[in-house]
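Below is one structure, written out as structure tokens, with a few remarks after it.
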Amino acid sequence: MKTLRKYIDNKKPLFQKGGKFSKLGSTFGAFETFLFTPNHTSKSGVHIHDSIDLKRTMIVVVVALIPALLFGSWNIGYQNGLAFGIERGLFENFFFGFLKLLPLIVVSYGVGLGIEFISAQIRGHEVSEGFLVTGILIPLILPVNIPLWMLALAVAFAVIFGKEIFGGTGYNIMNVALIARAFLFFAYPSHMSGDKVWIFDLNNKVPVDGFSGATPLAQLAQESSTKLASIHDMFFGFIPGSIGETSTFAILIGAAILIFTGIGSWKIMLSTVIGALSIGLICNIFAINEYMALPAYYHLLMGGFAFGAVFMATDPVTAPHTEKGKWVYGFLIGALVVLIRIFNPAYPEGMMLAILLMNIWATLIDYFVVEGHIKRRMKRFTIKGNA
Amino acid sequence: MSNTIKIKKGLDIRLKGKAELVIRATKQSATFAIKPSDFKGFFPKLSVKTDDIVKAGTPLLYDKFNPEIVVVSPVHGRVAFINRGDQRKIMNVVIEPDGKEEFEEFPVANWKETERDSIIKLLLNSGLWPFIIQRPFGIIAKPTDQPRDIFISGFDSAPLSPEIDFIIGDETPTFQIGLDVLAKLTTGKLYLGLRPASKLSKLSGVQINHFEGPHPASAVGIQIHNLKPLNKGDIVWTINPQAVLFIGRLFKTGKLDFSQTIALTGSEVIAPCYLKTILGSEINSLVDEKTKNEVTERIISGNVLTGTKTDRSDYLGFYHNQITVIPEGNEYEFVGWAMPRLNKFSMSHAYFSWLMPGKTYRADANLNGEERAYVMTGQYEKVLPMDILPVHLIKSILADDIDKMEQLGIYEVIEEDLALCEYVCTSKTEVQKILRKGINLVVKELG
């Protein structure tokens with residue numbers, strides 16, 4: 001390691017002010033701090049700092065995503081096998097899927113980090129770590145058949161218009177990964193919905209008889225709940241869907257990691273579930289049509305609910321910053337998901353839209369929480385003043 | 001009469017190097033100094049010139065706007081240097097002691113019968129006044145103010161902090177005199193916050209409250225907030241226990257006695273212990289050869305959360321009764337963010353220190369990461385036992401929004417109250433620096 005450090009120290013002046021490559025300073029800094037935690041020590045205030053930093057935080061989220069990523073890889077192979085009647089073993093399925101997923105991840109990181117580096121360079125900032133997570137989230141919430149150029153376009157759009165124009169990581173108002181998905185959803189709907197997109201090659205080849213590539217949500221929209229996959233299949237994720245979102249089980253492992261490390265807000269996760277269940281149960285009571293009759297807990301297993309609740313809604317930048325606000329925010333996301341699914345058949349999936357909408361409301365929720373806090377403080381003042 | 005208050009939020013940072021309860025020998029400091037930068041809300045003007053002979057108790061500095069507030073020499077001797085920095089700012093006034101035991105005399109004989117005004121005058125003349133700090137803002141109190149109450153925190157919960165009970169030692173009666181004097185300064189109450197087991201619980205004429213729980217339980221701002229919160233327009237005074245002793249001694253004997261017991265702590269100290277010294281001693285005389293010298297050391301006057309970075313040629317801070325020596329940590333760590341870091345403490349469960357509750361750590365001054373925009377939320381709230389939204393307060397300061405600062409509670413906090421927020425911050429925000437900037441702005445705007 002010492003040789004590597006020496007090498008970096010040797011090259012460093014080239015990238016600093018006045019150096020030959022000073023225009024690449026941010027890029028150099030990003031790689032340097034990736035390899036070595038910097039030697040900066042505290043200059044004001046506290047003399048010691050907690051070991052946690054943004055790189056560690058982001059890497060924990062990436063680790064939490066690994067179960068969903070591994071399962072997603074396997075499921076690509078498994079679903080493909082089902083569709084075309086091919087028998088494969090566990091590892092064959094996994095590698096089949098992994099090879100399909102890898103290009104998506106590479107393109108996502110390549111395009112996203114490229115833009116991050118360039119914009120950090122233009123501003124003369126350090127490169128922030130936000131995209132480490134976003135870059136892996138985006139492929140996981142897309143169908144496997146998405147063309148790479150579309151992915152590249154969506155990532156570019158999301159990073160530039162979702163984040164960089166607001167000032168970069170920490171300043172964006174909407175979840176960047178979901179902006180990428182929303183962009184594709186509205187720009188290229190034929191590649192983002194329907195029965196053909198979720199299973200590799202299903203858009204090119206004819207499947208075996210009787211195979212439908214529809215996701216449970218689509219089945220519900222098109223046909224009836226009688227054909228729905230079993231609870232077991234939906235929970236463990238043996239169903240068509242976006243790459244990372246099918247297995248509620250794998251996502252729950254990730255949720256456990258996020259909650260134990262304290263990096264994801266359990267308040268948001270819990271209140272999202274409560275929100276969805278409450279509206280689901282109310283609909284169950286009326287149950288005028290099949291949608292409304294669908295048992296409330298099905299909503300937790302279908303579509304992007306679990307993935308959204310664990311990895312998207314908990315994004316600390318776009319969620320409310322107050323603890324009370326987080327409860328309200330989560331509850332409303334859960335409620336909106338079920339409402340969109342039931343009362344808006346045009347979009348079978350409500351999670352993306354519910355979270356994006358609540359992202360915009362998050363500031364408003366915070367505003368009311370802060371105003372309430374201030375009012376309470378002021379009241380304390382007047383009570384005392386009268387006494 | 002006492003009650004117990006449980007502080008639930010907070011964090012005890014477990015560091016190596018707590019002082020053993022023994023007093024070890026130390027060299028007599030060759031020089032003593034007063035540093036104007038220690039005083040908040042004080043605009044220093046010189047009362048002496050180089051080579052003047054001063055007694056213990058002779059004024060060295062006075063405040064430009066309140067000339068009756070003075071800072072005095074802790075020892076008898078000669079003014080050796082007056083060091084100045086940029087724009088001729090006074091850095092310190094250095095006194096070379098000559099071994100004579102001569103003191104300014106103060107008439108304290110009948111203090112029990114004297115009026116509040118004469119006691120204030122005595123405190124001002126004796127140079128003990130700068131120990132009285134007002135809230136809001138944490139600046140030196142104005143002698144003309146009528147404080148609602150006076151608060152004293154009689155223990156210290158900061159990392160490696162000294163045991164106040166041990167520092168007071170057998171001077172409890174003197175401490176009691178100090179309390180009796182202070183009680184005359186307010187028409188309200190005199191509050192003393194203690195740990196439940198403290199031997200000071202027997203003191204009289206003071207409202208004693210017991211505090212349980214982690215740091216910042218000992219921060220006087222936290223105690224005020226949990227007992228009788230400060231509102232706009234309220235003024236309370238605070239004073240540290242060491243200064244209560246100084247006041248007690250003055251009113252007992254009529255002489256100033258600035259001797260103090262300090263703790264020498266930190267992972268780089270060979271045998272952390274207590275030392276007897278005099279206010280304003282040179283760091284070198286105290287640290288001497290007592291450190292390990294294995295790595296570059298950072299010597300802090302005070303504790304690791306709120307202390308000031310110093311070096312051996314510098315002097316112990318006016319309000320400090322502790323020196324902490326930790327590694328500087330100006331080294332690179334290969335992929336540090338991915339390492340298990342079993343030897344580093346963290347509040348976050350993204351590391352493993354929470355699994356080893358008994359372990360103590362050798363923390364260094366490395367930032368452990370780079371400064372970033374705010375990303376994580378809810379961290380500050382976990383270590384601030386106050387009904388305050390800390391991140392919103394900090395943001396209102398960054399936006400120079402005085403109305404919001406007021407509404408969000410800037411009157412209730414000073415740096416030490418929010419120090420832990422800065423420690424736990426993922427984004428390495430300089431919370432204390434920003435807070436002081438906000439306080440200065442409010443002071444300037446509101447007079």
Task: Counted residues, the stretch B:402-447 - those being within 7 Å of chain A (Cβ to nearest Cβ) and part of a loop (DSSP other than H, G, I, E, B) - done: 5
Task: Number of positions in the stretch B:72-95 that are in contact with a Phe, Trp or Tyr (Cβ under 7 Å, 6 or more places away or on another chain) and of a type in the set (A, V, I, L, M) - done: 3
- [ ] Spot the failing condition for B:Val181; the list is (1) under 20 Å from the mean Cα position of the chain (by Cα); (2) of a type outside the set (Ser, Thr, Tyr); (3) buried (at least 20 other Cβ atoms within 10 Å of the Cβ); (4) not in a loop (DSSP other than H, G, I, E, B), and only one is missed.
- [x] (1)
Open item on the list: Regarding the stretch B:298-310, can at least one residue be identified that is over 24 Å from B:Gly17 (Cβ atoms) and in a loop (DSSP other than H, G, I, E, B)?
Closed with: no
Open item on the list: Can you tell me which residue is surrounded by the most Cβ atoms within 10 Å (Cβ to Cβ) among those in the stretch A:194-253 that are basic (Lys, Arg) and not in a helix (DSSP H, G or I)?
Closed with: A:Lys196
Task: Condition broken by B:Tyr191, with the remaining ones in (1) touching a His at 6+ places or on another chain (Cβ under 9 Å); (2) in a strand (DSSP E or B) satisfied - done: (1)
- [ ] Search the stretch B:365-394 for residues being among the charged types (D, E, K, R) and touching a residue at least 60 places away in the same chain (Cβ under 8 Å), and hand back the single one that is surrounded by the fewest Cβ atoms within 10 Å (Cβ to Cβ).
- [x] B:Asp387
Open item on the list: Go through (1) part of a loop (DSSP other than H, G, I, E, B); (2) within 30 Å of A:Phe98 (Cβ to Cβ); (3) among the basic types (Lys, Arg) for A:Lys17 and report which single condition fails.
Closed with: (2)
Open item on the list: Just to verify a result, which residue in the stretch A:9-22, among those that are charged (D, E, K, R) and surrounded by 13 or more Cβ atoms within 10 Å (Cβ to Cβ), is farthest from the chain's Cα centre (by Cα)?
Closed with: A:Lys11
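Residue-wise test of (1) touching a residue at least 60 places away in the same chain (Cβ under 8 Å); (2) over 30 Å from B:Thr310 (Cα atoms); (3) surrounded by 24 or more Cβ atoms within 10 Å (Cβ to Cβ).
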position: B:Thr186; (1), (2), (3): no, yes, no
position: B:Ser198; (1), (2), (3): no, yes, no
position: B:Leu203; (1), (2), (3): no, yes, no
position: B:Gln207; (1), (2), (3): yes, yes, no
position: B:His210; (1), (2), (3): yes, yes, no
position: B:Gly213; (1), (2), (3): yes, yes, no
position: B:Ile247; (1), (2), (3): yes, no, yes
position: B:Gln260; (1), (2), (3): yes, no, no
position: B:Thr265; (1), (2), (3): yes, no, yes
Open item on the list: Against the condition at pLDDT below 90 and either within 20 Å of A:Ser42 (Cα to Cα) or in contact with a Leu (Cβ under 7 Å, 6 or more places away or on another chain) (or both), how does B:Glu333 come out, does it pass?
Closed with: yes
- [ ] Residue by residue through the stretch A:320-345, note down the ones that are over 17 Å from A:Val310 (Cα atoms) and basic (Lys, Arg).
- [x] A:Lys324, A:Arg341
Open item on the list: For the stretch A:17-51, which positions are over 25 Å from B:Asp364 (Cβ atoms) and of a type outside the set (A, V, I, L, M, F, W, C)?
Closed with: A:Lys17, A:Gly18, A:Gly19, A:Lys20, A:Ser22, A:Lys23, A:Gly25, A:Ser26, A:Thr27
TODO: Those residues that are surrounded by fewer than 24 Cβ atoms within 10 Å (Cβ to Cβ) and not small (Gly, Ala, Ser), I need them from the stretch A:169-178; list them, please.
DONE: A:Tyr171, A:Ile173, A:Met174
Task: In the stretch A:31-62, the residues that are under 26 Å from A:Leu137 (Cβ atoms), part of a loop (DSSP other than H, G, I, E, B) and more than 7 Å from chain B (Cβ to nearest Cβ) - done: none
Task: Positions within the stretch B:60-101 being in contact with a strand residue (DSSP E or B) (Cβ under 7 Å, 6 or more places away or on another chain) and in a loop (DSSP other than H, G, I, E, B), in sequence order - done: B:Lys64, B:Ile69, B:Ser73, B:Pro74, B:Val75, B:His76, B:Gly85, B:Asp98
Task: Close pairs (8 angstrom Cβ cut-off, 6 or more residues apart or separate chains): closer than 13 Å to A:Gly303 by Cβ in the stretch A:333-356, at pLDDT 90 or above and basic (Lys, Arg) anywhere - done: A:Met352/A:Arg181
- [ ] Tell me which residues, restricted to the stretch B:323-344, are within 7 Å of chain A (Cβ to nearest Cβ) and closer than 21 Å to B:Gly17 by Cβ.
- [x] B:Ile326, B:Glu328, B:Gly329, B:Asn330, B:Glu331, B:Arg341, B:Lys344
Task: One residue from B:Val295, B:Val269, B:Val335 being of a type outside the set (D, E, K, R) and at positive phi - done: B:Val335
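The values are calculated or read from the model by the stated rules, or taken from the named source; none is laboratory data. In this text, all values refer to a predicted model and were calculated from it rather than measured experimentally. When we count neighbours, we look across all protein chains shown, and the Cβ atoms used for this are built from the backbone with ideal geometry, even at glycine.
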